[in-house]
């Protein structure tokens, strides 16, 4: 193992003699290209440095007069981490709660093999807000979707009595559920699928925002279908909003024909 020397914090963070605060946007990009997996295509020449307020980021951009330096400018955060921080960057209530939790409560990281008091608080709150009977907490978006996929499959075998290993989960064209193998198996985006096969079987797609498309598939293969997994608004390649009557009609169709609708 090669030597590693890390010290400092923030802009003074230094890794093997490289001070992070001295790097230009182009140097950050070069390090990502050389050392990273290149599974994302971030905005070029923009490096977020810190937060000004709940909706404004301070970003470093190349100095137009000196490529070896950078300037800082404000960048409005309209993306909100794909809705993960809709509450705003560094939300004061959340920050204060985290600090209080770490300093006053002193509750450590607890595995799921041991109960802790905040799980009860979370479950009471989550079921109260959503009006759901039960809730299973997950960390990542695709992780929750994967669990839903598994639950729908098991429900189909145990409750609907679908023949073993014949179950079908239906998705909508143009979907984006994440980057796991099951998620890309449901995708119809060539960029997400190329060179990642073979894919998870038992998945079929119908046209998004087309009730007749799913009705036709239900009529043909309904005995093997356990669920229709669909985004209420498709948001990866734009903001694609279905007709007002689409989801109510699909929901009613699923209720009549004994399928789960997951959104």
Of 102, 90, the only residue that is surrounded by 13 or more Cβ atoms within 10 Å (Cβ to Cβ), outside the structural domain of residue 29 (by TED's automatic domain parsing) and either free of Cβ contacts under 8 Å to residues at least 24 places away in the same chain or part of a loop (DSSP other than H, G, I, E, B) (or both) is 90
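Here is a check on your reading of the model: is residue 3 exposed (fewer than 13 other Cβ atoms within 10 Å of the Cβ) and modelled with pLDDT of 90 or more? Write out each step before concluding.
Working: exposed (fewer than 13 other Cβ atoms within 10 Å of the Cβ): yes; modelled with pLDDT of 90 or more: no.
So residue 3 fails the test.
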Mind checking whether some residue in the range 48-63 is at pLDDT 90 or above, part of a helix (DSSP H, G or I) and in contact with a strand residue (DSSP E or B) (Cβ under 8 Å, 6 or more places away or on another chain)?
-> no
Positions within the range 163-186 being touching a strand residue (DSSP E or B) at 6+ places or on another chain (Cβ under 6 Å) and on the phi > 0 side of the Ramachandran plot, in sequence order | 174
Read through the list (1) over 30 Å from residue 201 (Cβ atoms); (2) under 22 Å from the mean Cα position of the chain (by Cα), then give the number of the only condition that residue 118 fails.
-> (2)
Tell me which residues, restricted to the range 1-29, are out of contact with any strand residue (DSSP E or B) (no Cβ under 9 Å at 6 or more places or on another chain), in a loop (DSSP other than H, G, I, E, B) and closer than 22 Å to residue 70 by Cα.
-> 9, 17
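Whether any residue in the range 229-241 is assigned to a helix (DSSP H, G or I) and exposed (fewer than 13 other Cβ atoms within 10 Å of the Cβ) is what I want to check.
Initially, the range 229-241 is screened for residues assigned to a helix (DSSP H, G or I), giving none.
No: the range 229-241 contains no residue that is assigned to a helix (DSSP H, G or I) and exposed (fewer than 13 other Cβ atoms within 10 Å of the Cβ).
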Filtered residue count, the range 190-243, keeping only those that are within 24 Å of the chain's Cα centre (by Cα) and touching a residue at least 40 places away in the same chain (Cβ under 8 Å) = 12
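The values are calculated or read from the model by the stated rules, or taken from the named source; none is laboratory data. Keep in mind it's a predicted model, so treat the numbers as computed, not measured. For neighbour counting, all protein chains shown are included, and Cβ atoms are generated from backbone atoms with ideal geometry for every residue, glycine included.
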